[in-house]
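The values are calculated or read from the model by the stated rules, or taken from the named source; none is laboratory data. As the structure is a prediction and not an experimental result, all values here were calculated from the model. Counting neighbours? That spans all protein chains shown, and the Cβs are built from the backbone with ideal geometry, glycine included.
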Amino acid sequence: MSIRPREVLIIVTLIVSAATLALVWTAAEPQQHTDDGALRVMTFNVHQGFDNSGRTNPVPFLKAIEAYRPDLVSLQESESNRLLSSQYDLVLWLARRTGMHYYYGPGTGENIYGVSILSAYPLHNQRVYHLPAEEDPRVAVQGELDVNGTPVRFLAVHLGLSVPDRYHQMKYIFNEQIKKHTGPLIIAGDFNTLESENFISEQKPDTRNDGWDENRLREFADRQAQNTERNIAELAAEEQFFGMRTYRRFMTDSWRMLNPDDHDAYSWLDTNVYLGKPQDELESSVRIDYVFVSDHFSVESARIVADENALAGSDHLPVIVDLKL
């Protein structure tokens, strides 16, 4: 018996719909926030809604969020209503289950990794910024919230993989947000960038993933050593030197501030751990997820969470920071 294309489409639609309905869309009570200026911020790359067995499964992400009850969440790889993710809306599902407000970008028709915000506070002045890119298109998503009468801007980001893309994307965010916005600002997300990386424009390689190459990083370090007596802001303005040191000059890397001597921590797990390789055969795991804050905030605590739910859900670990405005 032959099956006509229309019948195939109907069958596929029913299967996808069944998978979607399997997720329980129970709405939670609205999440309450404190009124004392305290903010708990989480950044979490949610792996396009897949757990580490390769199944569409948002439950570990929900449990990780529920366990720590953040006021603000920056979600990366938060795909929404796409065939790849069984056509379910991960962000809406998380928002309803946690009782949080949400904002999603970019549109589902664009072939771009989703970046989203969950917030215990109502959001306004939401925007999607399409970041400069030569390879994978990337975005940053903005939302603003009112904390005890003070407007706070929150920017969720997910940068590219190549050095040229990250160089231009970090500069764009620096020029359009860090330099221009004078009020309280939080920038959180997956930067795909090592803490030690600083980009030099004339040395930007063209090959993908070259930012992880040790020889290239050594070249950057050598060049940095030649410029130790020069002002970092001046170098950034001249477009000769740019990177994490520039960000840390103008904003606080919240986790590093409270953990100045911890150089073994990581937020991205080597994917070989999911292939069953022994620990001593793993390649480098690195800290590439950050929460940067302006000097309007004090950093009360900062941690990288490696509990059961975090490890089950993604190749990234959530970073959680407690702030006081």
With the first residue restricted to region 159-187 and required to be of a type in the set (S, T, N, Q), and the second required to be in a helix (DSSP H, G or I), Cβ contacts under 8 Å at 6 or more apart or on different chains are SER162/ASP210; SER162/GLY211
Restricted to region 118-140 and to residues being surrounded by 14 or more Cβ atoms within 10 Å (Cβ to Cβ) and over 29 Å from GLY37 (Cβ atoms), the residue modelled with the lowest pLDDT is ASP136
Matching residues in region 283-312 (free of Cβ contacts under 8 Å to residues at least 40 places away in the same chain and surrounded by 16 or more Cβ atoms within 10 Å (Cβ to Cβ)) number 1
The condition from (1) surrounded by 17 or more Cβ atoms within 10 Å (Cβ to Cβ); (2) more than 13 Å from TYR68 (Cα to Cα) that ILE320 misses is numbered (2)
The condition from (1) modelled with pLDDT of 95 or more; (2) touching a Phe, Trp or Tyr at 6+ places or on another chain (Cβ under 8 Å) that GLY313 misses is numbered (1)
Looking across region 151-176 at residues that are in contact with a Leu (Cβ under 6 Å, 6 or more places away or on another chain) and closer than 20 Å to LEU118 by Cβ, the single one that is surrounded by the fewest Cβ atoms within 10 Å (Cβ to Cβ) is ARG153
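Let's see how each residue does on (1) farther than 23 Å from THR252 by Cα; (2) hydrophobic (A, V, I, L, M, F, W, C):
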{"residue": "VAL115", "(1), (2)": "no, yes"}
{"residue": "LEU123", "(1), (2)": "yes, yes"}
{"residue": "ASP136", "(1), (2)": "yes, no"}
{"residue": "LEU145", "(1), (2)": "no, yes"}
{"residue": "THR150", "(1), (2)": "no, no"}
{"residue": "HIS168", "(1), (2)": "no, no"}
{"residue": "ASN175", "(1), (2)": "no, no"}
{"residue": "PHE191", "(1), (2)": "no, yes"}
{"residue": "GLU195", "(1), (2)": "no, no"}
Sole miss for VAL286 among (1) at pLDDT 80 or above; (2) of a type in the set (A, V, I, L, M); (3) farther than 26 Å from ILE178 by Cα is condition (3)
The residue from GLY109, GLY143, GLY183 that alone is within 21 Å of VAL46 (Cα to Cα) and either under 15 Å from the mean Cα position of the chain (by Cα) or modelled with pLDDT of 95 or more (or both) is GLY143
Given the conditions (1) farther than 15 Å from SER119 by Cβ; (2) at pLDDT below 70; (3) surrounded by 15 or more Cβ atoms within 10 Å (Cβ to Cβ), every one holds for VAL24 apart from (3)
